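The values are calculated or read from the model by the stated rules, or taken from the named source; none is laboratory data. All figures in this text were calculated on a predicted structure; none of them were measured in a lab. Virtual Cβ from ideal backbone geometry, glycine too; neighbours counted across all protein chains shown. Surface areas here come from the heavy atoms of the whole protein model, side chains and all, with no ligands, DNA or RNA. Shrake-Rupley method; radii C 1.70, N 1.55, O 1.52, S 1.80 Å.
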Amino acid sequence: LAYPDELVSKLDADPAYRKAFEALTPGRRRGYLLYFSAPKKAETRQSRIEKAAGRIVAGKGFNER
């Protein structure tokens, strides 16, 4: 899957976020990529990326609590 531009910007700007995202299992990364890519508006994609940061750094998948 292609990474949305907003996610690429976030990964480039924050090395810790990149490390955490790349440490996720392929299935977890795929879940986040599908979730981040779904909205049509860039603002919504950016918001989703920011809201998921805590779960990504914690190593949790999109549907995990």
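Being part of a helix (DSSP H, G or I) and in contact with an Asp or Glu (Cβ under 8 Å, 6 or more places away or on another chain) is not true of F21. So which residues in region 26-57 are open to solvent by 50 Å² or more (accessible area, probe 1.4 Å) and assigned to a loop (DSSP other than H, G, I, E, B)? Hits for region 26-57 are A38, K40, K41.
Mind checking which residues of region 12-65 are of a type in the set (S, T, N, Q) and within 16 Å of L1 (Cα to Cα)?
Hits for region 12-65 are T25, S37.
Go through the residues of region 58-65 one by one and say whether even a single one is touching a residue at least 24 places away in the same chain (Cβ under 8 Å) and in a helix (DSSP H, G or I). Looking for residues that are touching a residue at least 24 places away in the same chain (Cβ under 8 Å) and in a helix (DSSP H, G or I), one finds none in region 58-65, hence no.
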